[in-house]
Amino acid sequence: MKARGFIMVWLGLVLLSAIACQKEEREFIDESQDNTIPKDSRLAKLMRDITTHDGSYDDLVDGGNCYSINLPYTILLNGKEKEITKLSDYIDIHTTDFIEIQYPITITMHDYIEKSINNKEQLTILAALCSNEDDDIECIDFNYPFKLSTFNTNTNVFKTIDAIHDAQLFVFMSDLNEEMSISIKYPIIMELHNGQNTEAAHNTDLLSTILEYAVSCDENDNNPSN
């Protein structure tokens, strides 16, 4: 009987804990109604643009700004073998150099999907599909981690998610659907291209901050420091 009583008490505590967690998440959503971010809103698109994979830093080698070659890999630079193991290795490469990629290579697309490339022809086809102006915003970055809250109107399920890096946040924002409500737990901090930080306290603040700084730097696609 004692064991049964203990189990009942334990189950009661678990139930209370679950109710408390759901209440906390519900309050998160309720307090943030004005901060709900619709899937097709301008803010949602800008957040995806900030977290889009920047494939422009190695354009001198791969010829396309919507993907980048995964490190390490090897090229022939003016006939001499050179291994690319870090971003600073691109500093030694210039527009007048003769470059031959040693295949196969693996590339990361703008949406973080990886593809294997076996020859120059495959890479040339991909490069032709890239837009002249890439969508990624390079002048401002999110400072992680920060919290997101979601509510599914079909299942009535609340969730709190920790945003920890660009790839995760990009996929999350891209997978939003009409049944999901999303809010940010403010304030959040963003890092500017000059190393300074700026803070946003709500959606309107975040939107205006992104628009203000999105074109505040020279997004030199051939500069690996971007």
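Below are the figures for this structure:
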| item | result |
| --- | --- |
| Computed FRET value (nearest 0.05) for LYS80 with ASP162, which takes r as the C-beta separation and R₀ as 45 Å | 0.50 |
| From phi via Karplus (6.51, -1.76, 1.60), per-residue ³J(HN,Hα) for the range 139-155 in Hz, x at Gly/Pro | 8, 8, 9, 6, 9, 8, x, 8, 9, 10, 10, 10, 9, 8, 6, 7, 9 |
| Filter on LYS45/LYS159; LYS115/LYS185; LYS45/LYS115 - keep pairs with C-alpha separation over 31 Å | LYS115/LYS185 |
| The range 68-226 - Rg (one decimal) and Dmax (whole number), Cα, Å | 19.6, 62 |
| Average projected area [Cα convex hull, the range 44-114], square nanometres | 5.0 |
| Whole-Hz ³J(HN,Hα) from phi, Karplus 6.51 cos²θ - 1.76 cosθ + 1.60, for the range 41-56, glycine and proline x | 6, 4, 5, 4, 5, 5, 5, 5, 5, 5, 8, 4, 5, 7, x, 8 |
| Nearest-0.05 FRET efficiency for ASP111 and THR153, computed from C-beta distance (R0 22 Å) | 0.25 |
| Residue-by-residue Karplus 3J(HN,Hα) for the range 202-216, coefficients 6.51, -1.76, 1.60, Hz, glycine and proline x | 6, 4, 4, 5, 5, 4, 5, 5, 4, 5, 5, 9, 4, 10, 8 |
| Residue-normalised accessible area of the range 56-151, expressed per residue, 1.4 Å probe, Å² | 54 |
| Potential extension, GLU212-ILE91 segment - 0.36 nm per residue separation minus Cα distance | 40.6 nm |
| Pairwise Cα inverse-distance average, inverted: Kirkwood Rh of the range 34-159 (Å) | 17.0 |
| Intensity falloff of the range 89-155 expressed as log10 I(q)/I(0), Debye formula with alpha-carbon point scatterers, at q = 0.20, 0.27, 0.29 Å⁻¹ | -1.13, -1.29, -1.28 |
| Net lengthening on full extension, GLU178/TYR144 (0.36 nm per residue, minus Cα-Cα) | 9.6 nm |
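The values are calculated or read from the model by the stated rules, or taken from the named source; none is laboratory data. Predicted, not measured: the structure shown is a model, and the values here were computed from it. Positions of Cβ are backbone-derived with ideal geometry, glycine not excepted, and every protein chain shown enters the neighbour counts. The accessibility values were calculated without ligands, DNA or RNA, using every heavy atom of the protein model including side chains. Shrake-Rupley method; radii C 1.70, N 1.55, O 1.52, S 1.80 Å.
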